[in-house]
Amino acid sequence: MDVRIIGGLALVCAIVVVAGVLFYNFDFNTPGVNDSGSSIENTTNNDINNTSTNELALTLLPNNQPGSNPDPSPGPGPGPSPDPTPDPMDRIISLFDEYLNKYYDQSLMPGMAVVIVKDGKIIYLNTLGVKDLASGAPVDENTLFGICSISKQFTSTNIAQLIDKGLMSWDDPISKYYSVPDEFLLYNDLYVSNNITIRDILMHNSGLANEEGNELTYFNYSFSDTIFKLRYVRNITPFRENFHYNSVTYALGGYSAARVTNTTWDELIKKELLEPLGMTSTVTSFWDFLSSPNHVTPYKLLKNGTMVPYDIIPDTVGPAGSIYSSISEMANWLKFQINNTGYYNGVQIVSKKELDETRIPQIQVDENDFLRLYGSKYGLGWFIDDALGHPYNVNHPGDSSDFHAQITVYPSKNLGMVILTNGGTYASSFRNILDAKFKQLLTGNENIDLWPATKDYLDAIWKPVPPTPPYVAPRNLTSYVGVYSNLFYGNINVTINGNNLACHYGTNKRIFNLEHWSGDVFNDPYNDFTLNFTAISNGKTNNLTVTLQDYTTSPPNSTTTFNRTKTV
């Protein structure tokens, strides 16, 4: 989850929180909705014959046998059958579908898919929009989307499998798998680096800031280069004291599992988890996603209203965010999680003991952390939402610049929902609103409508900001051209591309055209960065300040300075 996305969504999500206050007077144990805590041994799609033994025996009894009526004369005819009791879930689904279809077009997303599973069966599946704006091909149930950070629970479940086999332990130190300090040194602290465990990184208590280091994705570094750079950052709280969500450290868990089994994480997760769950079209890398025959085009909504294809690649932190799946195969994941036995279609995937370990609270989420929207506690890849007025659930969002997903499981109701989307800030907010709406409907509250206010807020903020007059023309573009370097991020190479100033980040060879704003300030609209060239001498700028978090300070600065190292 991009830290800049987290910041941008905080106020929007606060609107959703207001709804929680309104839940208080409603009974969230909706009559007629299965709220039993019982589980079944196997998850299947087969209907179960519920005819009782006595009913079956009476049906088969011949005349003049014990239990039959010897009088051949007809008795009085049967009375009219009473109308069947309506299932409250039918109304919930109907209202949810109405709400989704009413507002979908306002979400500005190209494509979307939603599935709801109850008692091991799909009770709702809807696909909307198109896979690609150019082709207009519709999204279907087998179209792949990015699930982003929902990947984390696949990783923790896979580690649980290896724990069952005696190959790993939740409390193994990371130093068992990555050498300290040669490969891994966390904020230059040998004690922390030698003692931080698999459990620590999966519950996000390293002391690093939320998503500290995520921006290295733009620079296209390998994972080994990325974790090496963690020695340069600073923690914002002491080790094991607070929850701070971090994908870079989380990925260490999955890559440690790969080292244990002497394979790649991609191969491991497919063999041990995806294939047994029938998720055979699900892939674990951006390149495999693009090569698949049925996938959405990743889109990002720019502030000028343009929807553009977007391809910043999250494969570096694969175990924390690079799974791509379809709504039909995510239904399999829901069935497995709802079943809550560790079995799927009669086959044991993982022990119930270790599966439960991923979904029990491990750490409190601070009250001032906006991620508390998803739950007051965190497990190992799951938020735990036990807020007053909410039906108890475990859930997780998945967010990048181009994909926004959500999974929510209501264990006591044998119920769960997955939402998959692509395309921009409106999509992420609409995803949150839909998830909140379903919770409201489960409580019996049909009247709260959070989307109009949310959309008004987004309309007000999601647009270009003009410079404060007077506008100042740029220098000759050659004044800015050069290589600028920073210890943590590496290099930004500034060039001229046609008539535009442009740049590329780190080892990422893609050229991003910059738009002049005013004076020596330019914008990278594709990545939402502002670049400010400073320290002019001899007709050249010597420093470049970029709106990238500077994690070498505590707390992080909102900008990072790069120093010129080369004139091109």
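Computed from the coordinates by the stated procedures, all read-outs in this text should not be read as laboratory data. Just so it is clear, the model here is predicted, and its values are computed rather than measured. Cβ coordinates were reconstructed from backbone atoms using ideal geometry, including for glycine residues, and neighbour counts include every protein chain displayed.
In this Cβ point-charge picture (+1 for Lys and Arg, -1 for Asp and Glu), the chain has a dipole of about 1560 debye about its Cα centre. Label separation (residue 534 vs residue 264): 4.3 nm, computed from points 7 Å beyond Cα along the C-beta direction. The stretch between residue 392 and residue 240 holds 52.1 nm of extra length on full extension. This uses 0.36 nm per residue minus the Cα-Cα distance.
When the charge dipole of the range 89-462 is built from unit charges on Cβ atoms (+1 for Lys and Arg, -1 for Asp and Glu) and taken about the Cα centre, the candidate among 227, 261, 443 whose Cα reaches farthest toward its positive end is 443. Here 147, 323 are placed in order of increasing Cβ neighbour count within 10 Å, fewest first, which gives 147, 323. In whole angstrom, note down how far apart the Cα centers of the range 434-455 and the range 211-276 are. If we compute the Cα centre of each part, the gap is 35 Å. By its C-alpha gyration tensor, with a ≥ b ≥ c as the square roots of the eigenvalues, how is the range 477-564 shaped: rounded for a/c under 1.5, else prolate for a/b larger than b/c, else oblate? Prolate.
Of the options 334, 479, 493, report the single residue whose Cα projects farthest towards the positive end of the charge dipole of the chain (beta-carbon charges: Lys, Arg +1; Asp, Glu -1). Value: 479. Once you reduce the range 538-568 and the range 310-338 to the center of their Cα atoms, the two points are 35 Å from each other. Listed by chain and number, the lysines whose alpha-carbon sits under 20 Å from that of residue 352, ignoring those within fewer than 8 places in the same chain, are 118, 152, 165, 271, 335, 413. At 4 °C and a viscosity of 1.567 mPa s, what translational diffusion coefficient does Stokes-Einstein give for the chain, taking Rh as the Kirkwood radius over Cα pairs? Give it in µm²/s as a whole number. For these conditions, the coefficient is 51 µm²/s.
The order of 385, 225, going from fewest to most other C-beta atoms within 10 Å of their C-beta, is 225, 385.
If you put +1 on each Lys and Arg Cβ and -1 on each Asp and Glu Cβ, how big is the dipole of the range 160-291 around its Cα centre, in Debye rounded to 20?
Dipole of the range 160-291, to the nearest 20 debye: 160 debye.
Magnitude of the charge dipole for the range 477-564, about its Cα centre and with charges confined to Cβ atoms of Lys, Arg (+1) and Asp, Glu (-1), is about 280 debye.
Residues whose amide H falls under 5 Å from that of residue 550, counting only those 5 or more places apart or on a different chain, are 557, 558, 559, with hydrogens built in the peptide plane. In the structure shown, the pairs 229/566; 303/540; 377/463; 300/439; 300/455 are assessed against 26 Å; a Cα-Cα span above that value is assigned to 303/540; 377/463; 300/439. Modelled label positions at residue 304 and residue 102, each set 7 Å beyond Cα in the direction of Cβ, lie 3.6 nm from each other. Long hydrophobic helices in the chain, taken as whole DSSP H segments with a C-alpha length of 24 Å or more on their own axis and mean Kyte-Doolittle hydropathy at least 1.0: 3-22. Less than 5 angstrom separates the built amide H of residue 349 from those of 343, 344, all sequence-distant by 5 or more or on a different chain. Loop sites by DSSP among the GluC sites (Glu not before Pro) of the chain, restricted to those with at most 15 other Cβ atoms within 10 angstrom, leave 42-182 as the longest stretch without any of them.
Listed by chain and number, the aspartates and glutamates whose alpha-carbon sits under 12 Å from that of residue 437, ignoring those within fewer than 8 places in the same chain, are 97, 98, 446, 449. Of the residues 531, 350, 543, the one whose Cα sits farthest toward the positive end of the charge dipole of the chain, with +1 on the Cβ of Lys and Arg and -1 on the Cβ of Asp and Glu, is 543.
Using a simple spin-label model with pseudo-atoms 7 Å out from Cα toward Cβ, residue 165 and residue 232 lie 3.7 nm apart.
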